[in-house]
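Engineer: Supplied in structure tokens, the structure appears directly below.
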Amino acid sequence: MKRIYLDNAATTPLSPESARVMHEWELNHFGNPSSAHHFGQIARARLEEARDVVAEFLGAPSKNLFFTSGATEGNNWILKSVAHKFKNKRLLVSQLEHPSVFKTANYLKANDYQVDFIEPDEKGLITVEQIKKVLQPETALISVMYVNNETGIINPVKEIGRFCAERGIKFHCDAVQAFGKLKFTAEEIYADYLTISAHKIHGPKGVGAVYLKEPALLEPYLHGGEQEAGKRAGTESLAGIIGFAEALKHQSVQSFGSKKVKQLQAFFESKIKDYFPQAVIVGESVDRSPSISQIAFPGQDNQRLLMLLDLNGVAVSVGSACSSGSLKPSRVLQKMHLPEHVVNSAIRFSYSSLTEILELQKTLEILKKLIN
Ligand code: PMP
């Protein structure tokens, strides 16, 4: 059976170009970028070259970009370091964040930091209006993700960032699901802190980066050596970083260059509506990422449907990959106040530029067989 992969929001296949440069690096070079000798200098040059590529994608100077082990580390770094810095102030975090932000916020709250949460509006958006309802004079940081990883809903981060900038509040944006998929710069959305991850854009797992508008103002999270300009200790995962940059070079052509993913989503959703008139496309009335469709099939149990799809060779997900397996209904969909029959029957289909229309047609046939 040829399996169909529609879980690209969880992770994407490594690009062959990335695999090639990573392999070449590991086989022929191995230097530590912090070493003074020839081997180290070659490694340092490759590291800085990769930093330039990733930073350019964010429209940011390279000195503002710091490599990490992924967005989970980046989100922990920012929230914990900011909380520590502004100990007597408050953090304001959206209810719909990825667990690496949401659970970190809850951890901080349980440890005597002052954290408030922003509720989404009736459409599932985190807006300036929603922020105003819970904003306190002591709020020092607002954290709102760009694209929601479960629904694909695009938050108005530019307005939120501007709102923060006008008030001297720091703005953190988890841009994992937007990076390489939507065109934006860190400056354009007024981000003070921004996190990205390589494995969502056909790069390797275990590599990410943090953008810091003012690096001098944020304490490191990992202490030790002087790597990453003293901001993130630990020998850099150079093969991974090189692979990240390579994936990005390729992504620029594949992703925002072509309209393919948008067309895939439009095709799939229109057929879903034809075949399953009762289906609900979550967030349909607002701007969404072309990479994600969260679709509910009222009357179906989503966990059961996920298993049946898997048995038929189609990989999808329920909730986010980081919380699935728990069999608990999605926190994100619940916090959006969606009816129970939507929450319990919703499946996330997520596409990449490698997804083929034939795979979507096959998936639709399988869904028809399983549901009707
Ligand atoms: N934030 C969002 C929105 C995500 O989708 C993910 C990955 N599921 C993360 C953070 C965590 O990224 P990483 O896997 O690099 O730790």
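Read the figures in this text as sums done on the coordinates, not as results from a lab. All values reported here derive from a predicted model rather than from experimental measurement. Note: ideal-geometry Cβ built from the backbone for every residue, glycine included; neighbour counts use all protein chains shown.
Engineer: Just for the Cα atoms in segment 129-239, what are the lengths along the principal axes, largest first, rounded to whole Å?
Structural biologist: Answer, in whole Å and largest first: 44, 30, 21 Å.
Engineer: Where the only charges are on Cβ atoms (+1 Lys, Arg; -1 Asp, Glu), what is the dipole of segment 174-286 about its Cα centre, to the nearest 20 debye?
Structural biologist: Its charge dipole is roughly 620 debye.
Engineer: Put +1 on the Cβ of every Lys and Arg and -1 on every Asp and Glu Cβ in the chain; which of ALA50, PHE66, CYS173 then has its Cα farthest towards the positive end of the dipole?
Structural biologist: CYS173
Engineer: Just to check I understand the Karplus step: with θ = phi - 60° and J = 6.51 cos²θ - 1.76 cosθ + 1.60, what whole-Hz values come out for segment 214-220, glycine and proline as x?
Structural biologist: With the stated coefficients, segment 214-220 comes to 10, x, 4, 8, 10, 6, x Hz.
Engineer: Please pull out the direction-averaged projected area of segment 54-138, using the convex hull of its alpha-carbon atoms, in nm² to one decimal place.
Structural biologist: 7.0
Engineer: Now, a different point. Extending each Cα 7 Å along its Cβ direction at LEU222 and LYS249, get the distance between those two points in nm, one decimal.
Structural biologist: 2.5
Engineer: Now a separate question. Considering only DSSP beta bridges with both partners in the chain, what is the antiparallel share in %, to the nearest 5?
Structural biologist: Bridges in the chain are about 50 percent antiparallel.
Engineer: To the nearest 20 Debye, how big is the dipole of segment 16-250 about its Cα centre, given +1 on the beta carbon of each Lys and Arg and -1 on that of each Asp and Glu?
Structural biologist: The calculation lands at about 300 debye.
Engineer: How do VAL316, VAL144 line up, fewest other C-beta atoms within 10 Å first?
Structural biologist: VAL316, VAL144
Engineer: Which one of PRO290, PRO215, PRO339 has the biggest mean-square fluctuation once the chain is modelled by GNM with Cα springs under 10 Å?
Structural biologist: PRO339
Engineer: Under Stokes-Einstein, with the Kirkwood radius over Cα pairs standing in for Rh, what whole-number D in µm²/s applies to the chain at 25 °C and 0.890 mPa s?
Structural biologist: Value of D from the Cα-based Kirkwood radius: 115 µm²/s.
Engineer: Dipole of the chain (Lys/Arg Cβ +1, Asp/Glu Cβ -1, origin at the Cα centre): which of ILE371, TYR107, SER35 lies farthest to the positive side?
Structural biologist: It is ILE371.
Engineer: Here's something else I'd like to know. Please compute, for the alpha-carbon atoms of segment 284-365, the extent along each of the three principal axes and give them in descending order in Å.
Structural biologist: Result for segment 284-365: principal-axis Cα extents of 34, 31, 25 Å.
Engineer: What percent antiparallel are the DSSP beta bridges of segment 112-256, to the nearest 5?
Structural biologist: 50
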